[in-house]
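Following: one structure in structure tokens, then a few remarks.
The values are calculated or read from the model by the stated rules, or taken from the named source; none is laboratory data. As the structure is a computational prediction, the values presented were derived from the model and not from experiment. Here the Cβ positions follow ideal geometry from the backbone for every residue, glycine too, while neighbour counts run over all protein chains shown.
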Amino acid sequence: MLKANAKTFLKMSKLGVNTLLMFCILFFACKETNKTPAETSKELEKNLPEVVEVAKPTSIEIYVWVDKLRLRAEPTTQSEMVATLKEGDALTFLNERSDFTEKISLRGTLFDEPWLKISTKNGQEGWVYGGGVKFYKIGVDEAPTPYDDCFKLQKDRKMTQANKCIDRTHFRELKKESSLVTESSSGITFQLLSGDKFTLNNIGADSIYQYRYYLKEMASFVVHGRYGIQEGYLLINDKTGQITRTKGYPKAGIDGEYIACLNPDWGDKGNFRGIQLFGYVGNELVVVLEEALDEYRPVLPKWVDEKTLQFTLLEVADKRNRKSRYGQLIQNEQGEWELEL
């Protein structure tokens, strides 16, 4: 009897232990399964390896500014030609340049630049001469003036041809505006839109005026003035005859809100050499930026859009005026104009 009871007790004990173990397993299993999806997701995220993002290298675009620029296999003019590039082509600079510079003449300008390794849009790689490219896009002049071709001749130091070009253009512009402008040895008379007449009188050799062109967008006649060895330009308001004096050749922006005036002072006669920018404050033209450039002659301005004026800078120290670099005048988001050389 005792043996039977002992056996029964042992069986019941084993059953109790097994039951307890099963209860514990179920309890903890239920506890795990009671986690919300958000809690489970956070738990998984903790166990994931950390992902480190590698920044992609920034590609630098450069732009061809001379037509038929040669792409070569190596940084030398004797190397095999890979392709011929067009003016305005965008290239990717591969952050390699020759450790030497080379003097090469492009468009009448002598450059002393290194070679740059580039890639074209269709994947061709090679080397281009640094003087043939720019690190910003060269735009088309959206606000040309009648004398731009004459100034290109000046820039190349073809002064005799440039002066002939200016005389031809001057004659053509006088003929074009003959109903509004009359020029003689004594001065210039303007027929204003108000019906009145306004006259600029020459005073011997001290003050000589010559008509340039009618800047209709800015409601002004452009006049060149020579005062002894000094020279400058005048803007004559076509309604009132009011005079605004500028220190350089006026070139109006696309929207007619600003006028850029550049003067290279070719004769080094003490004239202002630099850039002026005029803008409207109310109905009055005032100087909003003036920058003297003692080391450079600024030439060939181009308004490529309403907020960007591009131009060429010739080094004064170079007696042949062949070395050059490029600059921009840019209006920032705050409406302020910044000079980039």
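Results for (1) exposed (fewer than 14 other Cβ atoms within 10 Å of the Cβ); (2) in a helix (DSSP H, G or I), shown as yes or no for each residue.
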| residue | (1), (2) |
| --- | --- |
| P146 | no, no |
| K152 | no, yes |
| R172 | yes, yes |
| K175 | yes, yes |
query: Out of the residues in region 177-193 that are under 40 Å from the mean Cα position of the chain (by Cα) and in a loop (DSSP other than H, G, I, E, B), which is farthest from Y211 (Cα to Cα)?
result: L193
- request: Evaluate region 222-243: report whether one residue or more is in contact with an Asp or Glu (Cβ under 6 Å, 6 or more places away or on another chain) and among the aliphatic types (A, V, I, L, M).
  value: no
field: Cross-chain or 6+ apart pairs with Cβ under 7 Å, region 182-197 first and loosely packed, with under 12 Cβ neighbours inside 10 Å, then hydroxyl-bearing (S, T, Y) and assigned to a strand (DSSP E or B)
entry: K197/T189
query: Looking only at region 58-83, which residues are touching an Asp or Glu at 6+ places or on another chain (Cβ under 9 Å) and more than 21 Å from V140 (Cα to Cα)?
result: L71, R72, A73, E74, P75, T76, T77, E80, V82
query: Which one is nearest to K307 (Cα to Cα), of the residues in region 244-296 that are touching a Pro at 6+ places or on another chain (Cβ under 8 Å) and among the basic types (K, R)?
result: K251
task: List the number of the failed condition for N283; all other conditions in (1) under 20 Å from G131 (Cβ atoms); (2) modelled with pLDDT under 90 hold.
output: (1)
- request: Take D255 and decide whether it is more than 20 Å from D148 (Cβ to Cβ), assigned by TED's automatic domain parsing to the domain that holds I166 and not aliphatic (A, V, I, L, M).
  value: no
- request: Only residues that are outside any strand (DSSP E or B), in contact with a strand residue (DSSP E or B) (Cβ under 9 Å, 6 or more places away or on another chain) and not aliphatic (A, V, I, L, M): list them for region 217-243, please.
  value: E217, G228, D238, T240, G241, Q242
